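The values are calculated or read from the model by the stated rules, or taken from the named source; none is laboratory data. Small disclaimer: the values here were computed from a predicted structure and weren't measured. Here the Cβ positions follow ideal geometry from the backbone for every residue, glycine too, while neighbour counts run over all protein chains shown. Heads up: the accessible areas ignore ligands, DNA and RNA and are worked out on the full protein's heavy atoms, side chains in. Shrake-Rupley method; radii C 1.70, N 1.55, O 1.52, S 1.80 Å.
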Amino acid sequence: MSGGTRIAAIRDMIFNNFEYVIGSSDARTTAVDSYANRQGVCRDYAHVLISLARAAAIPARFVSAYA
């Protein structure tokens with residue numbers, strides 16, 4: 001797998017193996033923490049996906065903004 005196919009596989013792995021738990025993380029929670037606990041909120045899911053993408057040599061960024 002490469003590129004978009006690899007990202008889709010990572011996304012699916014997170015979707016199928018993580019539990020959305022409000023309050024399970026805070027500003028100090030790392031992607032490693034979220035991956036180990038297999039739980040978090042939207043931000044944690046994004047951090048895990050970005051970390052795994054970067055580990056697979058796929059450039060990735062996280063952007064947080066208010067409209």
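Some observations on this one:
- If only residues of the range 32-67 that are among the β-branched types (V, I, T) and either open to solvent by 30 Å² or more (accessible area, probe 1.4 Å) or part of a loop (DSSP other than H, G, I, E, B) (or both) are counted, the one that is nearest to G4 (Cα to Cα) is I58.
- Test for T29: is it among the β-branched types (V, I, T) and exposed (fewer than 10 other Cβ atoms within 10 Å of the Cβ): no
- If only residues of the range 17-31 that are of a type outside the set (A, V, I, L, M, F, W, C) and assigned to a loop (DSSP other than H, G, I, E, B) are counted, the one that is nearest to R6 (Cα to Cα) is T30.
- Positions within the range 22-48 being small (G, A, S) and closer than 17 Å to D12 by Cβ, in sequence order: S34, G40, A46
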